[in-house]
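**Student:** Sharing a structure below in C-alpha coordinates format, with a few things to ask.
The values are calculated or read from the model by the stated rules, or taken from the named source; none is laboratory data. Owing to the predicted nature of the structure, the values given are computational and were not obtained by experimental measurement. Cβ placement follows ideal geometry from the backbone for every residue including glycine, while neighbour counts extend to all protein chains displayed. Heavy atoms of the whole protein, side chains included, go into the accessibility calculation; ligands, DNA and RNA do not. Shrake-Rupley method; radii C 1.70, N 1.55, O 1.52, S 1.80 Å.
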Amino acid sequence: MATYKKGYKKQNSEILLLKTIVIIIISVILIVGIAFIIGSMTSWKNYSSYNTIDDYSKVFDMETEDEEPILDYIVYLYSDRCESCKDIRNDVLGVAKDLEKDKFYLLNIASVEGESDEFLETIGKTTVSTPTLVVVKDGEFYEVFVGSNDISDVLELVEDGTYSGLN
(Lines give C-alpha, C1' and ligand atoms only; values in the text may rest on other atoms or scores of the structure.)
Protein backbone atom coordinates (compact mmCIF):
# COMPACT_ATOMS: atom_id res chain seq x y z
CA MET A 1 0.00 0.00 0.00
CA ALA A 2 1.35 3.41 -0.93
CA THR A 3 1.94 6.18 1.60
CA TYR A 4 1.74 9.93 1.51
CA LYS A 5 4.84 12.08 2.08
CA LYS A 6 3.89 12.60 5.76
CA GLY A 7 3.69 8.86 6.41
CA TYR A 8 -0.06 8.27 6.23
CA LYS A 9 -1.14 5.17 4.38
CA LYS A 10 -3.28 5.69 1.35
CA GLN A 11 -6.62 3.92 1.55
CA ASN A 12 -8.31 2.60 -1.49
CA SER A 13 -11.93 3.57 -2.07
CA GLU A 14 -13.32 0.11 -1.18
CA ILE A 15 -11.87 0.17 2.35
CA LEU A 16 -13.05 3.75 2.83
CA LEU A 17 -16.56 2.76 1.70
CA LEU A 18 -16.56 -0.26 4.04
CA LYS A 19 -15.56 1.89 7.02
CA THR A 20 -18.27 4.41 6.18
CA ILE A 21 -20.92 1.67 6.01
CA VAL A 22 -19.78 0.20 9.35
CA ILE A 23 -19.96 3.64 11.00
CA ILE A 24 -23.46 4.21 9.61
CA ILE A 25 -24.67 0.80 10.85
CA ILE A 26 -23.24 1.39 14.33
CA SER A 27 -24.83 4.85 14.43
CA VAL A 28 -28.26 3.46 13.47
CA ILE A 29 -28.01 0.72 16.13
CA LEU A 30 -27.09 3.31 18.77
CA ILE A 31 -29.99 5.59 17.79
CA VAL A 32 -32.49 2.71 17.87
CA GLY A 33 -31.10 1.56 21.23
CA ILE A 34 -31.40 5.03 22.74
CA ALA A 35 -34.95 5.41 21.39
CA PHE A 36 -35.90 2.04 22.92
CA ILE A 37 -34.47 3.01 26.31
CA ILE A 38 -36.25 6.38 26.30
CA GLY A 39 -39.50 4.72 25.22
CA SER A 40 -39.35 2.15 28.00
CA MET A 41 -38.59 4.85 30.56
CA THR A 42 -41.64 6.89 29.55
CA SER A 43 -44.16 4.12 28.80
CA TRP A 44 -45.88 4.88 32.11
CA LYS A 45 -47.10 8.13 30.52
CA ASN A 46 -49.35 6.26 28.07
CA TYR A 47 -52.89 5.29 28.97
CA SER A 48 -52.36 2.05 27.05
CA SER A 49 -49.92 0.88 29.74
CA TYR A 50 -52.72 0.46 32.31
CA ASN A 51 -55.78 -1.71 32.85
CA THR A 52 -58.89 -0.32 31.26
CA ILE A 53 -62.60 -0.76 31.85
CA ASP A 54 -64.86 -0.63 28.81
CA ASP A 55 -68.29 -0.84 30.41
CA TYR A 56 -69.89 1.10 33.28
CA SER A 57 -71.37 -2.13 34.65
CA LYS A 58 -67.86 -3.49 35.33
CA VAL A 59 -66.66 -0.57 37.47
CA PHE A 60 -67.75 -2.14 40.75
CA ASP A 61 -67.13 -5.79 39.81
CA MET A 62 -63.41 -6.08 39.07
CA GLU A 63 -61.80 -9.52 39.23
CA THR A 64 -58.32 -10.97 38.93
CA GLU A 65 -57.40 -13.30 36.10
CA ASP A 66 -58.29 -16.17 38.47
CA GLU A 67 -61.78 -14.65 38.84
CA GLU A 68 -61.14 -13.62 42.43
CA PRO A 69 -62.88 -10.35 43.33
CA ILE A 70 -60.66 -7.30 43.69
CA LEU A 71 -61.80 -5.41 46.77
CA ASP A 72 -59.79 -2.16 46.85
CA TYR A 73 -59.00 -0.12 43.74
CA ILE A 74 -59.30 3.22 41.99
CA VAL A 75 -61.03 3.95 38.68
CA TYR A 76 -60.02 7.11 36.85
CA LEU A 77 -62.57 8.45 34.36
CA TYR A 78 -61.17 10.67 31.65
CA SER A 79 -61.79 11.84 28.13
CA ASP A 80 -59.30 12.57 25.37
CA ARG A 81 -61.07 15.91 24.80
CA CYS A 82 -60.97 16.99 28.44
CA GLU A 83 -58.44 19.78 29.05
CA SER A 84 -58.39 19.19 32.83
CA CYS A 85 -57.65 15.51 32.17
CA LYS A 86 -54.71 16.50 29.99
CA ASP A 87 -53.45 18.87 32.70
CA ILE A 88 -53.31 16.19 35.41
CA ARG A 89 -52.46 13.22 33.20
CA ASN A 90 -48.83 12.90 34.29
CA ASP A 91 -49.79 13.30 37.97
CA VAL A 92 -52.44 10.59 37.73
CA LEU A 93 -50.29 8.16 35.76
CA GLY A 94 -47.27 8.94 37.94
CA VAL A 95 -49.17 7.67 40.97
CA ALA A 96 -50.69 4.79 39.00
CA LYS A 97 -47.30 3.45 37.94
CA ASP A 98 -46.37 2.98 41.61
CA LEU A 99 -49.58 1.12 42.49
CA GLU A 100 -50.09 -2.59 42.10
CA LYS A 101 -51.53 -3.51 38.71
CA ASP A 102 -54.95 -4.44 40.12
CA LYS A 103 -55.30 -1.21 42.17
CA PHE A 104 -55.76 1.24 39.29
CA TYR A 105 -58.08 1.21 36.27
CA LEU A 106 -58.88 3.66 33.50
CA LEU A 107 -62.24 4.36 31.94
CA ASN A 108 -62.30 6.55 28.83
CA ILE A 109 -65.86 7.88 28.71
CA ALA A 110 -65.56 8.46 24.95
CA SER A 111 -65.19 4.73 24.26
CA VAL A 112 -67.21 3.15 27.06
CA GLU A 113 -70.07 0.79 26.38
CA GLY A 114 -73.31 0.32 28.26
CA GLU A 115 -75.60 2.68 30.10
CA SER A 116 -74.30 4.94 32.84
CA ASP A 117 -77.57 5.25 34.82
CA GLU A 118 -76.80 2.61 37.47
CA PHE A 119 -73.20 3.79 37.72
CA LEU A 120 -74.30 7.41 38.24
CA GLU A 121 -76.88 6.38 40.83
CA THR A 122 -74.22 4.44 42.74
CA ILE A 123 -71.79 7.38 42.88
CA GLY A 124 -74.55 9.91 43.56
CA LYS A 125 -74.13 12.00 40.41
CA THR A 126 -76.48 12.96 37.60
CA THR A 127 -73.96 13.15 34.77
CA VAL A 128 -70.61 11.62 33.96
CA SER A 129 -67.98 14.33 34.03
CA THR A 130 -64.23 14.24 33.69
CA PRO A 131 -61.86 14.01 35.34
CA THR A 132 -63.42 11.77 37.98
CA LEU A 133 -61.81 9.38 40.44
CA VAL A 134 -63.95 6.58 41.86
CA VAL A 135 -62.66 4.65 44.86
CA VAL A 136 -63.86 1.12 45.58
CA LYS A 137 -63.14 -0.29 49.03
CA ASP A 138 -64.07 -3.76 50.28
CA GLY A 139 -65.79 -4.36 46.94
CA GLU A 140 -68.22 -1.45 47.39
CA PHE A 141 -68.35 2.14 46.24
CA TYR A 142 -66.40 4.21 48.79
CA GLU A 143 -65.81 7.74 47.47
CA VAL A 144 -65.87 9.87 44.34
CA PHE A 145 -63.74 12.89 43.49
CA VAL A 146 -64.54 15.21 40.60
CA GLY A 147 -62.22 17.86 39.22
CA SER A 148 -58.49 18.11 38.86
CA ASN A 149 -57.85 19.81 42.23
CA ASP A 150 -59.70 17.22 44.32
CA ILE A 151 -58.16 14.36 42.35
CA SER A 152 -54.66 15.79 42.75
CA ASP A 153 -55.17 16.13 46.51
CA VAL A 154 -56.33 12.52 46.85
CA LEU A 155 -53.53 11.22 44.65
CA GLU A 156 -50.99 12.90 46.94
CA LEU A 157 -52.49 10.97 49.86
CA VAL A 158 -52.42 7.75 47.84
CA GLU A 159 -48.81 8.36 46.91
CA ASP A 160 -47.89 9.02 50.54
CA GLY A 161 -49.73 5.86 51.61
CA THR A 162 -52.02 7.84 53.92
CA TYR A 163 -55.28 7.50 51.98
CA SER A 164 -57.72 5.30 53.86
CA GLY A 165 -59.53 4.12 50.70
CA LEU A 166 -56.76 1.75 49.63
CA ASN A 167 -55.26 -0.98 51.75
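**Student:** With an 8 Å cut-off on Cα pairs and a minimum separation of 6 or more residues, tell me the relative contact order of the chain in percent.
**Tutor:** 24 percent
**Student:** How far, in degrees from 0 to 90, does helix 13-41 lean away from the longest principal axis of the Cα atoms of the chain, to the nearest 10?
**Tutor:** Value to nearest ten degrees: 10.
**Student:** To continue, here is another question. Go through (i) 1.36; (ii) 0.95; (iii) 0.99 and flag the label whose value is the computed Rg/Rh (Cα atoms, Kirkwood Rh) for this structure.
**Tutor:** (i)
**Student:** At 1.4 Å probe size, with the rest of the protein present, what percent of the exposed accessible area of the chain is carbon and sulfur atoms?
**Tutor:** About 52 percent, which is the carbon plus sulfur part of the accessible surface.
**Student:** Name the most mobile residue of Ile70, Ile15, Ile24, meaning the one with the largest mean-square fluctuation, in a Gaussian network model of the chain with Cα contacts below 10 Å.
**Tutor:** Ile15
**Student:** Quick check on the chain: helices-only [θ] at 222 nm, where DSSP H runs of length 4 and up contribute -39,500 (n - 2.57) each and the sum goes over total residues. Nearest 500, please.
**Tutor:** After summing the helix terms and dividing by residue count, I get -12500 deg cm²/dmol.
**Student:** Follow-up. At 1.4 Å probe size, with every protein chain present, just tell me what the per residue accessible area of region 64-148 comes to in Å².
**Tutor:** Here the per-residue accessible area is 55 Å².
**Student:** Taking amide H atoms as placed 1.01 Å from N in the peptide plane, list the residues 5 or more away in sequence, or in a different chain, whose amide H sits under 5 Å from that of Asp55.
**Tutor:** So Asp55 has HN proximity to Glu113.
**Student:** So, one more: Cut-off 10 angstrom, C-alpha nodes, Gaussian network model of the chain. Which of Ile53, Ile34, Ile23 fluctuates the most?
**Tutor:** Looking only at Ile53, Ile34, Ile23, the biggest GNM fluctuation is shown by Ile23.
**Student:** Work out the length of the dipole vector of region 51-132 about its Cα centre, built from +1 on the beta-carbon of each Lys and Arg and -1 on the beta-carbon of each Asp and Glu, and round it to the nearest 20 debye.
**Tutor:** 600 debye
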